[in-house]
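Enquirer: Following this message is one structure expressed as structure tokens.
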Amino acid sequence: MEKIPGWKDKILFTPGPLTTSNTVKQAMLRDLGSRDIEFISTVKRIRGKLLKLGGVSEKGYEAILIQGSGTFGIESVISSTTPENGGWLVIANGAYGHRLAQIVKTLNFQCEILKYAEDQMPVPQDVADALDKNPDITNVGIVHCETSTGMFNPVEEIGILVKERQKTFFVDAMSSFGAVPIDIEKSKIDYLVSSANKCIEGVPGFSFIIANHNSLEKIKTFSCSSIVLDLYAQWQGLEKNGQFRFTPPTHSILAFAQAIKELIEEGGVEGRAVRYKENYETLIQGMETMGFKLYLPEEKRGYIITSFRYPEKSNFDFNTFCDSLNDKDIVIYPGKVSNADCFRIGNIGRIFKADVLNLLNAIKASVEELNISL
Ligand SMILES: *Cc1c(COP(=O)(O)O)cnc(C)c1O
């Protein structure tokens, strides 16, 4: 693709939005009307492919797209799937788990938080105990990849216990879906949310919900405090005429269709996992060799995003460090854990081992320029 002279994209080592391929960006260079037959069939195709990527069949599950960033999808599920007088158990071991709880509380639903330190993995038996103690709980929510630390939470073990107790199970798989295998059926997930601009490598504009069909039928009579985020109404709209109820992010959807094609060409979820794992291995090896310390011990780490501790000994200032990398066309992210000073580096997006090696060289140069002792 021809670029604007003198303009160059930085490489994003962040949790999203991410670096995307030129072909994904090119797919947006069209204006399609929201009622255009090609657009409607693209939406339909995307919905089918999302179910395939999730490993579930069109018979038992539905894929629903909704405008907005990932959090809009989460808020849509929470506001639409809580019965009258229902209550939530939210499992939180990081900022994104606490965000789920914040949404539940803002919507005025009962909310019990099963809270863990950010370097602790949730214990499935604790979830069972909390549910057995509080019969008012109807819904359980958890984050799959807690993007603040990079930990993968034990969704499957927890889901089985949740379903034995006949609660509705919601998983925020925003930063993992498409690159970390997750068995939706075996994990007894009723609602899973992810968004266009994470591991599928599309551009921002919408989120999507993979929902168990029977669970979705049950919320028909539930009241939702929002018009735009009403999940059942959004589903019905898409079913009725294939259209969004309100202006759809047409360009973002065209980009997404291309992104899914590229994901499938890469070997689907497993293929993408191989590349992200290679990025991760390359990153931590290089960082540890330089002397950086990781926040999580090895057995608790996922390969999506990695949290590094600020160097202890030195004059380390994150903003200066970040600016210095930015001058080298590299973007990293601040930390999001409360009990340690950290920064984060994402391994996801259209980045390859060569990009990670380039990042490591830039970090090495910045460490020298800024006289950071490790
Ligand atoms: C990115 C992310 C979100 C959604 O963030 P938005 O800024 O609303 O797109 C939610 N949960 C997790 C775990 C995430 O990684």
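Enquirer: How many angstrom separate the Cα center of the stretch 170-202 from the Cα center of the stretch 140-166?
Expert: Value for the Cα centre distance between the two parts: 11 Å.
Enquirer: On to the next question. When only DSSP loop residues count, what chymotrypsin sites (Phe, Trp or Tyr not before Pro) in the stretch 203-258 have their Cβ near at most 16 other Cβ atoms within 10 Å?
Expert: Details: sites: PHE206, PHE208, PHE222, TYR232, TRP235, PHE244, PHE246, PHE256; in loops: PHE222, PHE244, PHE246.
Sites meeting the loop and neighbour criteria: PHE222, PHE246.
Enquirer: Next up: Evaluate the charge dipole of the stretch 332-374 about its Cα centre and quote only its size in Debye, nearest 20, assuming +1 on the Cβ of each Lys and Arg and -1 on the Cβ of each Asp and Glu. Could the numbers behind the result be given before it?
Expert: Details: 5 positive and 4 negative charges, 51 e Å.
For this selection, approximately 240 debye.
Enquirer: Sticking with this structure for a sec: Around LYS336, under 14 Å between beta carbons, what's the net of Lys plus Arg minus Asp minus Glu among the other residues? Please report the intermediate quantities before stating the final value.
Expert: On the way: positive: ARG99, ARG309, ARG344; negative: GLU118, ASP119, GLU146, ASP341.
Here the count lands on -1.
Enquirer: Identify which of ASP355, ASP230, ASP129 has the largest mean-square fluctuation in a Gaussian network model of the chain, with springs joining Cα atoms closer than 10 Å.
Expert: ASP129
Enquirer: Using a ≥ b ≥ c from the Cα gyration tensor of the stretch 136-268 (square roots of the eigenvalues), is it rounded, prolate or oblate, where a/c under 1.5 gives rounded and otherwise the larger of a/b and b/c decides, a/b for prolate?
Expert: oblate
Enquirer: Run through the DSSP bridge list for the chain and note the antiparallel percent, rounded to the nearest 5. Before the final figure, lay out each step's value.
Expert: Working: 22 of 41 bridges.
Counting DSSP beta bridges with both partners in the chain, the antiparallel share is about 55 percent.
Enquirer: Give me the net charge of ALA92's neighbourhood, meaning all other residues with Cβ under 15 Å from the Cβ of ALA92; Lys, Arg count +1, Asp, Glu -1.
Expert: Net of charged neighbours comes to -2.
Enquirer: Considering only DSSP states other than H, G, I, E and B, which GluC sites (Glu not before Pro) in the stretch 297-374 qualify as loop sites with at most 16 other Cβ atoms within 10 Å?
Expert: Working: sites: GLU298, GLU299, GLU312, GLU368, GLU369; in loops: GLU312.
Within the stretch 297-374, the qualifying GluC sites (Glu not before Pro) (loop, at most 16 other Cβ atoms within 10 Å) are GLU312.
Enquirer: Indicate the gyration tensor shape class of the stretch 101-161 (rounded, prolate or oblate), computed on the Cα atoms with a ≥ b ≥ c the square roots of the eigenvalues: a/c under 1.5 is rounded; otherwise a/b larger than b/c is prolate and the rest oblate. Write down the numbers at each step before the final one.
Expert: Values: a/c = 1.97, a/b = 1.22, b/c = 1.62.
Oblate, because a/c is 1.5 or more while a/b does not exceed b/c.
Enquirer: Over 32 Å between C-alpha atoms is what I'm after, so list which of LYS163/LYS300; LYS25/LYS167; LYS10/LYS188 land there.
Expert: On the way: LYS163/LYS300 25 Å; LYS25/LYS167 41 Å; LYS10/LYS188 40 Å.
Checking Cα-Cα distances, LYS25/LYS167; LYS10/LYS188 exceed 32 Å.
Enquirer: Exactly which trypsin sites (Lys or Arg not before Pro) in the stretch 251-319 are in a DSSP loop and have at most 15 other Cβ atoms within 10 Å? Write out the running numbers ahead of the final one.
Expert: Values: sites: LYS261, ARG272, ARG275, LYS277, LYS293, LYS300, ARG301, ARG309, LYS313; in loops: LYS293, ARG301, LYS313.
Passing both the DSSP loop test and the Cβ count: LYS293, LYS313.
Enquirer: HN-Hα J couplings of the stretch 103-109 from phi, Karplus 6.51/-1.76/1.60, θ = phi - 60°, integer Hz, Gly and Pro as x?
Expert: 5, 4, 5, 4, 7, 6, 9
Enquirer: Then there's this: In a shell of Cβ-Cβ distance under 9 Å around ASN139, excluding ASN139 itself, what net charge do Lys and Arg (+1) and Asp and Glu (-1) give?
Expert: Local net charge: 0.
Enquirer: Can you tell me, using C-alpha contacts under 8 Å and at least 6 residues apart, the relative contact order of the chain as a whole percent?
Expert: On the way: 733 pairs, mean separation 91.1, N = 374.
Averaging sequence separation for qualifying contacts and normalising by length gives 24 percent for the chain.
Enquirer: Semi-axes of the equivalent ellipsoid of the chain: what are they in whole Å, largest first, if each equals the square root of 5 times a C-alpha gyration tensor eigenvalue?
Expert: On the way: eigenvalues 233, 149, 54 Å².
Semi-axes (√(5λ), whole Å): 34, 27, 16.
Bear in mind these aren't lab numbers, they're just calculated from the coordinates by the rules spelled out. In this text, all values refer to a predicted model and were calculated from it rather than measured experimentally. Glycine also receives a Cβ, built like all others from the backbone with ideal geometry; neighbour counts cover every protein chain displayed.
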